[in-house]
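Step one of this worksheet: look at the structure below.
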Amino acid sequence: MLGFNLIPANINLRFISKKKAFFAFSALLVLASVGLFTIKGLSYGIDFKGGLMIEVRTPEAAPIADMRKRLSGLGLGEVALQEFGQPSDVLIRIQRQDGGEKAQQAAVVKVKEALGPGIEYRRTEFVGPKVSDELFWDGVLAVSYAILAIMAYIWFRFEWQFGLGAVIALLHDVLTTIGIFALLGLEFNLSTVAAILTIAGYSINDTVVVYDRVRENLRKFKKMPLAELLNNSINQTLSRTLMTSVSTLLALFSLYFLGGEVIRDFSFAMIWGVIIGTYSSICLAVPLLLHLNVRRGGGPQAEPSKEAAAPASP
Amino acid sequence: MVYFAKWKIVLVGIVCFLGVAFAAPNFIPKDQADLLPGWLPRQQVSLGLDLQGGSHLLLEVEIQAVVREYIESLVDSMRLELRKARIRYQGLGVEGEAAVVTIKDPDKVEEARGLLRALDPSTQLESDGNKISIALTDKALADRKNAAILQSIEIVRRRVDETGTREPTIQRQGADRILVQLPGVDDPERIKRLLGKTAKMSFHLVDQKNSVEAAMAGRIPPGSWLLPSDEGDGRMYLIRKRVMVSGDTLIDSQPSFDSRTNEPVVTFRFDSAGAKRFGAATAKNVGKLFAIVLDRKVISAPVIREPILGGSGQISGSFSIQGAQDLALLLRAGALPAPLTILEERSVGPGLGADSIAAGKIASIIGMIAVVVFMASAYGLFGFLADAALIINMLLILGALSFLQATLTLPGIAGIVLTIGMAVDANVLVFERIREEVRAGRTPISAIDAGYSRAFTTIIDANLTTLIAALLLYAFGSGPVRGFAVTLSIGIVTSMFTAIMLTRLFVVTWLRRTKPDSLPL
């Protein structure tokens, strides 16, 4: 035998009996996230807020203080400078300019004049008010439609109880991701939306695998108490859940540490998503089924032969 | 399911072969790939602007300006027409997207209606008592807007081409937007400056009968405009509204140097109609001043010393060399029908692009190695088989990207790395299931059989949900994020293929060859 098991073959952890602790923990996470979102708010990137973002590289360690002084004298409103990846790289963020689309353009020219020659412009981005509004609503729509579409798919493939359970777990993952972005003050931009959609996909993927086993067991063991059945289902799929999570995390950590400064926040969001998604499908999605009135013995998926045989053998 | 149909084996073989064939050109330098014979796949993955460096500009055509201009010209012809017919009117002007006028004499309303209706067949006329309003029909309005957008795109293309940018992409986006992508341009200030000019040029006589001072005090004569100098020195000119010759009769324009002063100038040449009109106008007005007006600013206002009959001339403002080059370029490329606004810019320098590619490569390779080692140590031989499938999977993704000529962006690379991690999921599902079946006492063959058939629906369900998310991201995303949706979607499809078909073919082949008593899993 070459292989190893991440967890012993006949593991039987009591997930269901600790469901109250899980529910409480998750409720706390979600409440904290919503609180952080409403009180502290997200630091939106220029994609959604409009404004300028310029990444520059100076020949030597960047004179950030001097640059800040020169830029804040331009009257462009809020100017933020930060070291980006290495001492010679600086990321400059400038708030959206009043005065419509043309004002953003004018601000770019001003900044380049103020910084003078001898600087490498690695990235220059500006988003005017019109586009940033559109991008924001497109992002909101994309996430909402994704959640609806996934819910519809699960509903179609399983029963409504499963669809509801999966979506609760999914919302939990999405909300807490937004929460962690608010908590850490990470920039929330288009790639964050991409990350959230991927997290949604991953979270559902994980949930579906466990649900599939629940459905199979529901058909196989008609007499088993639901709590025990759910617990078995989790344990039977636990090895797979962890294997996939670990392998995905291995790839994502590589991306986080080696993939460069530009996508670090994006990688972080997905790492968080994989961890929280794994947790929620095991500790939230499945125990929730206990409270969602799952039908036993039959349902649309049950084989008709068994249904027909049932009255003959009471 | 240990039996594998011949056609399936052939299919798997063909898909893998095609994938590798289309991926192959990416492993040799681009100039060598271009030399491959035409029947071989030779397209490389096309890199997004964030990876190869370049500039992305989203422009909006101020389409209302086109409509407004048209209505203003309609007002002018209405005035002429009514005066000619000696119909008295009041309140002639622009109201929204319509030209309106009130006829003083009620008996003349019908006559006026007839005259005004004949002005332009693409308009519709409405009247309310004595008030007549004329607007473009909906269709004519839409046609005119559309024509203006198409013409704008053409002019933008000409201007960009004139700057010598290689392989620009210029395409329409939505109703009134133009997307301009300029690979390799990391400081697009010049192009932005060029696109920011409408470049409508015309030649006018200077109004020398009235004084500029009086006009600046607010008394502008009705047939004249008060326009500023182009140099931004605050000088004002009073010029006649009537266009002497319009700039669209120019056929060529070049930067040059004045033979006497050696200052940069712009030379131009009219077409034959333009030359004739310019000749006639200058012959009639020798000794007077005329103004060269660009975008309602006066570039220069020289004296007409003698009739200019040759159909060519030169403009000497106080240009820099670059300024002369830019103006000549703008005049050559023609005027935009409406002003453009830059809504969004995203420019990436070649340095950052190259760094991103390098970082993306390293992250992919290290991620790949980590996953390969992890799978092999967890599942032994089966892990190796899954690893082989994973490597082929990567080639399939690369091949599909090259074949579809989808754009690979930095988030796209992230999508590939994510796929590396998630692609093994389907195999993990199957292998874990096989382990379970073995524990339940099945023989190797029947365990593998059951493992694949039971995991199948789970694999489909699990992957389709992620695919839904990826497709929505593609539909709503823009730019680089779309690249992420593309690689993620391709990755999901190829990893389903490799898990369900390829790894299984490996496993079944191994099973047939060795006929094992127990599984090394």
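The values are calculated or read from the model by the stated rules, or taken from the named source; none is laboratory data. What you see is a predicted model; the values in this text were computed from it and never measured. Here the Cβ is made from the backbone with ideal geometry for all residues, glycine too, and neighbour counts use every protein chain on show.
For the condition more than 7 Å from chain B (Cβ to nearest Cβ), among the β-branched types (Val, Ile, Thr), assigned to a helix (DSSP H, G or I) and free of Cβ contacts under 8 Å to residues at least 24 places away in the same chain, what is the one hit in A:Val174, A:Val167? First the steps, then the outcome.
Details: A:Val174 fails: free of Cβ contacts under 8 Å to residues at least 24 places away in the same chain.
That would be A:Val167, the only listed residue that is more than 7 Å from chain B (Cβ to nearest Cβ), among the β-branched types (Val, Ile, Thr), assigned to a helix (DSSP H, G or I) and free of Cβ contacts under 8 Å to residues at least 24 places away in the same chain.
Among the numbered criteria (1) over 24 Å from B:Asp50 (Cα atoms); (2) touching a strand residue (DSSP E or B) at 6+ places or on another chain (Cβ under 8 Å), which single criterion is violated by A:Arg96?
A:Arg96 satisfies every listed condition except (1).
Per-residue answers, yes or no, for (1) over 25 Å from B:Glu432 (Cβ atoms); (2) at the interface with another protein chain (Cβ under 7 Å from one of its Cβ atoms):
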| position | (1), (2) |
| --- | --- |
| A:Thr237 | no, no |
| A:Thr241 | no, no |
| A:Thr244 | no, yes |
| A:Ser247 | no, yes |
| A:Phe257 | yes, no |
| A:Val262 | yes, yes |
| A:Phe266 | yes, yes |
| A:Ile275 | no, no |
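From A:Gly260, A:Gly273, grab the single residue that is touching a residue at least 40 places away in the same chain (Cβ under 8 Å), at positive phi and not acidic (Asp, Glu). Give the derivation first.
Details: A:Gly273 fails: at positive phi.
Being touching a residue at least 40 places away in the same chain (Cβ under 8 Å), at positive phi and not acidic (Asp, Glu) holds for just one of A:Gly260, A:Gly273, which is A:Gly260.
For the stretch B:183-223, how many residues are assigned to a loop (DSSP other than H, G, I, E, B) and under 18 Å from B:Asp295 (Cα atoms)?
Applying the first criterion (assigned to a loop (DSSP other than H, G, I, E, B)) to the stretch B:183-223 yields B:184-188, B:196-200, B:207-211, B:217-223.
Within this subset, residues satisfying the condition of being under 18 Å from B:Asp295 (Cα atoms) are B:196-200.
Here the count works out to 5.
With the requirement that a residue be touching a Lys or Arg at 6+ places or on another chain (Cβ under 8 Å) and assigned to a helix (DSSP H, G or I), what does the stretch A:217-233 give you? Please lay out each step first, then the result.
Of all residues in the stretch A:217-233, those touching a Lys or Arg at 6+ places or on another chain (Cβ under 8 Å) come to A:218-219, A:222, A:226, A:231, A:233.
Residues satisfying the conditions are A:Leu218, A:Arg219, A:Leu226, A:Asn231, A:Ser233.
Does at least one position in the stretch B:350-359 carry a residue that is out of contact with any helix residue (DSSP H, G or I) (no Cβ under 9 Å at 6 or more places or on another chain) and either of a type in the set (Val, Ile, Thr) or modelled with pLDDT under 90 (or both)?
Yes, that holds for at least one residue.
Within the stretch B:262-303, take every residue that is of a type in the set (A, V, I, L, M, F, W, C) and assigned to a loop (DSSP other than H, G, I, E, B) and give me the one that is farthest from B:Lys200 (Cα to Cα).
Looking only at the stretch B:262-303, we keep the residues that are of a type in the set (A, V, I, L, M, F, W, C), and these are B:265-266, B:268, B:270, B:273, B:275, B:278, B:280-281, B:283, B:286, B:289-294, B:298-299, B:301, B:303.
Restricting the remaining residues to those that are assigned to a loop (DSSP other than H, G, I, E, B) gives B:286, B:301.
Details: B:Val286: 25, B:Ala301: 17 Å.
That would be B:Val286.
Tell me which strands (runs of 3 or more DSSP E) are completely within the stretch B:83-135 and hold 3 or more residues being in contact with a Ser or Thr (Cβ under 6 Å, 6 or more places away or on another chain), or say none if there are none.
On the way: elements: B:89-95, B:98-103, B:123-128.
Passing ranges: none, list empty.
Please verify whether the stretch B:323-339 includes one or more residues that are within 14 Å of chain A (Cβ to nearest Cβ) and touching a residue at least 60 places away in the same chain (Cβ under 8 Å).
The first filter runs over the stretch B:323-339 and keeps only residues within 14 Å of chain A (Cβ to nearest Cβ), leaving B:339.
In the following step, the residues that additionally are touching a residue at least 60 places away in the same chain (Cβ under 8 Å) were identified as B:339.
Checking the stretch B:323-339: at least one residue is within 14 Å of chain A (Cβ to nearest Cβ) and touching a residue at least 60 places away in the same chain (Cβ under 8 Å).
Can you pull out the residues in the stretch B:410-437 that are among the β-branched types (Val, Ile, Thr) and at the interface with chain A (Cβ under 10 Å from one of its Cβ atoms)?
The first filter runs over the stretch B:410-437 and keeps only residues among the β-branched types (Val, Ile, Thr), leaving B:413, B:416-417, B:419-420, B:424, B:428, B:430, B:434.
Once the filter is applied, which keeps residues that are among the β-branched types (Val, Ile, Thr) and at the interface with chain A (Cβ under 10 Å from one of its Cβ atoms), the stretch B:410-437 yields B:Ile413, B:Ile416, B:Val417, B:Thr419, B:Ile420, B:Val424, B:Val428, B:Val430.
Output the residue which, of all residues in the stretch B:343-374 that are surrounded by 22 or more Cβ atoms within 10 Å (Cβ to Cβ) and more than 7 Å from chain A (Cβ to nearest Cβ), is nearest to B:Val61 (Cα to Cα).
Per the criteria, the residue is B:Gly353.
Only one of these conditions is not met by B:Arg157: (1) outside any helix (DSSP H, G or I); (2) modelled with pLDDT of 90 or more. Which number is it?
That leaves (1) as the condition not met.
Would you pick out the residues in the stretch B:315-366 that are among the basic types (Lys, Arg), in contact with a strand residue (DSSP E or B) (Cβ under 6 Å, 6 or more places away or on another chain) and under 20 Å from B:Gly483 (Cβ atoms)?
Step one: of the stretch B:315-366, the residues among the basic types (Lys, Arg) are B:332, B:346, B:361.
Restricting the remaining residues to those that are in contact with a strand residue (DSSP E or B) (Cβ under 6 Å, 6 or more places away or on another chain) gives B:332, B:346.
The one that is among the basic types (Lys, Arg), in contact with a strand residue (DSSP E or B) (Cβ under 6 Å, 6 or more places away or on another chain) and under 20 Å from B:Gly483 (Cβ atoms): B:Arg346.
Can you tell which of B:Gly184, B:Gly164, B:Gly174 is surrounded by fewer than 20 Cβ atoms within 10 Å (Cβ to Cβ) and within 14 Å of B:His56 (Cα to Cα)?
Values: B:Gly164 fails: within 14 Å of B:His56 (Cα to Cα); B:Gly174 fails: within 14 Å of B:His56 (Cα to Cα).
Answer to the check: B:Gly184.
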